[in-house]
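Student: One structure coming up, written as structure tokens, with questions to follow.
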Amino acid sequence: MKRLFLSYLCLVGLSASAAKPNMILVLIDDMGWAGTSVQIDPNIPESKGSIYKTPNLEKLAKSGMRFTNAYAPGPMCTPSRVGILTGKTPAAVHITAPGSGRTQDYQMLTSGSMDGSLTTQIDTIAKSLKSAGYATAHFGKWHIGRTGPGEYGYDTHDGNTGNEVPDSSPENPKDIFGMTKRAFDFMEAQIESGSPFYLQLSHYAVHTPVEAREGSQALFDSVPSRGKVDAGGIAAMTYNIDESIGMLRAKIEALGIAENTYLVVMSDNGGSGGGPRRSHATALNGGKGSLYEGGIRIPFFAEGPNIEAGSINRESIMGCDLFPTFCEWAGVKIPDGLEGVSLASLLSGSDQPLVERSLLFHYPHYGQGARQKPQSALIHGDYKILYNWESQSAELFNLSNDPGEQNDLSGSESKRAAELLAQLHQRLNEIEASLPRPNPNYDPNAEVPSRRMRKR
């Protein structure tokens, strides 16, 4: 009986979904650029994680496209999620941190705005697609302010969730498989009703604390911890995420909608455990909470209609580009004022590069550890300028030959550094970004903690 039902769904799905493609976004929490067993950049062996086993992501990479220079909108979860949802940089919507916080007396500057609220009047991916007849769903971690997904265009959702996983058990760690099952139910319902759909699965993993199936943890028992980081446990969580992606791809095939469904898999920011310097097990500098590459460069995979199998793209893209991309795929007018640009032509194999632009990153806050200062950054072509608001100094890197940001060129290429720095400040001024200011209560003799830990 179940087989007959699925066969029916396949037939309905093929006929009813022909006009508009389905779109699925899988957002993984805290997966670093080298957080998989896929070598993201064929020229950089360290872009493949040595401890990870992600066979389903390997299959996805072989059947679709991966980007070597993909970026999260921000180095923390909330601003990145806002950037994806709105197609605007976190600086433009004034949400650059996960939540409220207060300035400490040992900090030279006050942070930029830490208001996590987002107006419900803003254009979003879900609203635009819903206006074109799409059914919309969001399962998993939301973590955007005080208002849930329903106010931003999602028909079906888990509510205004944060870091705390509402449903977790030994066989359903971090609700990985529970939300996948809810996704299956949603997909089947839309195929039965003949509606195209947009589905977002926002996983709680691989964010700490570690939760993974016992059998998966056993696969990584020999992986040593890195300081306080349970590397084996994170590898086990990653393995479980990968299992769910395999299940999702198999479901798309079983429902007969693979020829008309786009699947995008990405992370919300760089990996944890990197601190302000080199992120563990990767060629990149820094980690979560930093605007060095380790905090913002992420894995990014896509497969679907007209996406060439096994293709690799080196254009610099960011999560804000998904909104206009999905609109173009759906035949929906792209709203005015988006900072992202459509990737549809790149994903279809066009040789034409994207319009010339700069990628803006803004984290005007102190991060994990006393050395992580408020920063802003701009990537233009091969070059990246990174500005430290506390020292009022800038670093310049050529990412094409120095993705690890080991060679500061601000002295040897001072003219280029000055031009990019001026462009960075102009962009921040144009969008009226919230900037750090001198801290009136700053005490240079105050004790500085060795490390500040907060849930993010």
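Student: What single numbered condition from (1) modelled with pLDDT of 95 or more; (2) within 25 Å of the chain's Cα centre (by Cα) fails to hold for G145?
Tutor: Condition not satisfied by G145: (1).
Student: Go over the candidates A137, A189 one by one and state the one that is in contact with a His (Cβ under 7 Å, 6 or more places away or on another chain) and among the hydrophobic types (A, V, I, L, M, F, W, C).
Tutor: A137
Student: While we're on this one: Mind listing whichever residues of the range 205-247 are buried (at least 24 other Cβ atoms within 10 Å of the Cβ) and over 22 Å from M266 (Cβ atoms)?
Tutor: Matches in the range 205-247: none.
Student: Further question: What do you reckon, is Y134 under 19 Å from the mean Cα position of the chain (by Cα), aromatic (F, W, Y) and in the same structural domain as T238 (by TED's automatic domain parsing)?
Tutor: The answer is no for Y134.
Student: With the structure loaded, tell me whether D402 is acidic (D, E) and assigned by TED's automatic domain parsing to the domain that holds G32 or whether it fails that test.
Tutor: Judged against the criteria, D402 is not a match.
Student: Let me ask something else about it. Which ones in the range 65-77 are out of contact with any helix residue (DSSP H, G or I) (no Cβ under 8 Å at 6 or more places or on another chain) and more than 14 Å from L343 (Cα to Cα)?
Tutor: Matches in the range 65-77: M76, C77.
Student: Tell me, which residue of the range 134-172 that is assigned to a loop (DSSP other than H, G, I, E, B), on the phi > 0 side of the Ramachandran plot and touching a residue at least 40 places away in the same chain (Cβ under 8 Å) is surrounded by the fewest Cβ atoms within 10 Å (Cβ to Cβ)?
Tutor: Going through the qualifying residues, I end up with G145.
Student: Any residue at all in the range 317-340 that is among the basic types (K, R) and within 24 Å of G289 (Cβ to Cβ)?
Tutor: no
Student: A further question on this structure: Here is a list of conditions, (1) farther than 21 Å from I144 by Cα; (2) modelled with pLDDT under 95, and S272 meets all of them except one; can you say which number that is?
Tutor: The single condition S272 does not satisfy is (1).
Student: Right, something else. Within the set of pairs 6 or more residues apart or between chains, which connect a residue that is part of a loop (DSSP other than H, G, I, E, B) inside the range 241-257 to a residue that is polar (S, T, N, Q) with Cβ atoms less than 7 Å apart?
Tutor: What qualifies is I257/S17; I257/N22.
Student: For the range 183-198, does any single residue satisfy the condition of being over 23 Å from V38 (Cβ atoms) and within 18 Å of the chain's Cα centre (by Cα)?
Tutor: Checked the range 183-198: at least one residue is over 23 Å from V38 (Cβ atoms) and within 18 Å of the chain's Cα centre (by Cα).
The values are calculated or read from the model by the stated rules, or taken from the named source; none is laboratory data. Treat the numbers as computed from the prediction; the structure is a model and nothing was measured. Note that each Cβ is placed from the backbone with ideal geometry, even for glycine, and that neighbours are counted across all protein chains shown.
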